[in-house]
Amino acid sequence: MDIPVVDADPIGRAFPKIDMALPYVYGAATPSPGVLSDPRGIVQLIASVDSARRFEDMVRSTSVELGLYTALSLVPFSLEVLQKYCCHRSLSTAWFLGRAVYTARQNKSDVVQTLVSHCSEASNQA
């Protein structure tokens, strides 16, 4: 699609809580200001908090009140924070694994064996 994308994320896996993101764990960034909204147009702005944990608690309770169907937008990380505290190549790794699973299913192959062989090939090319 020729859209520039940062191949990194703040934790390297799915995370259930905002305060688990590495830039917040290390105190290198803050999630506020942040905006939470629901499909009906209800918007909650969290301008400032004393910790990422407090931000998580506020967003979680507001999400429950809004029916658990919400979208959240946080302040972006600076380039320095992204380079130092985020997990790099996580998006391309997820794409690689998803493609391997899809290919195995299309070929009616063993998914685990396909992943192992794809990972072996990738490490040999590195």
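Coordinate-derived values only; no laboratory data. Here the structure is a predicted model, which is why all the values come from computation and not from measurement. Ideal geometry is used to build each Cβ from the backbone, glycine not excepted, and the neighbour counts take in all protein chains shown.
For every other residue with a beta carbon closer than 10 angstrom to the beta carbon of residue 67, add +1 if it is Lys or Arg and -1 if Asp or Glu, then tell me the sum.
Value of the local net charge: -1.
For the chain, what is the relative contact order in percent, using Cα pairs closer than 8 Å and at least 6 residues apart in sequence?
29
Between residue 68 and residue 116, what is the spin-label point distance in nm, taking each point 7 Å from the Cα along the Cα→C-beta axis?
3.7
What do you get for chymotrypsin sites (Phe, Trp or Tyr not before Pro) in region 36-126 restricted to DSSP loop and a cutoff of at most 15 other Cβ within 10 Å of the site's Cβ?
Counting only loop positions with at most 15 other Cβ atoms within 10 Å, the chymotrypsin sites (Phe, Trp or Tyr not before Pro) in region 36-126 are 69.
For helix 111-125, what angle does its Cα long axis make with the longest principal axis of the chain, in degrees from 0 to 90 and rounded to 10?
Tilt relative to the chain: about 90 degrees.
Calculate, for residue 47 and residue 83, the FRET efficiency according to 1/(1 + (r/R0)^6) with r their C-beta to C-beta distance and R0 25 Å; round to the nearest 0.05.
Values: r = 27 Å, r/R0 = 1.09.
FRET efficiency, residue 47 to residue 83: 0.40.
Considering the chain as a Gaussian network with a 10 Å cut-off on Cα pairs, which listed residue, 106, 83, 44, attains the greatest mean-square fluctuation?
Maximum among the listed residues: 106.
Which residue fluctuates most in the GNM of the chain (Cα springs below 10 Å): 50, 38, 110?
Highest fluctuation of the listed residues: 110.
Taking Cα atoms, how many degrees apart are the long axis of helix 90-106 and the longest axis of the chain, rounded to 10 and kept between 0 and 90?
50
Between residue 17 and residue 92, what is the spin-label point distance in nm, taking each point 7 Å from the Cα along the Cα→C-beta axis?
Result: 3.3 nm between the two label points.
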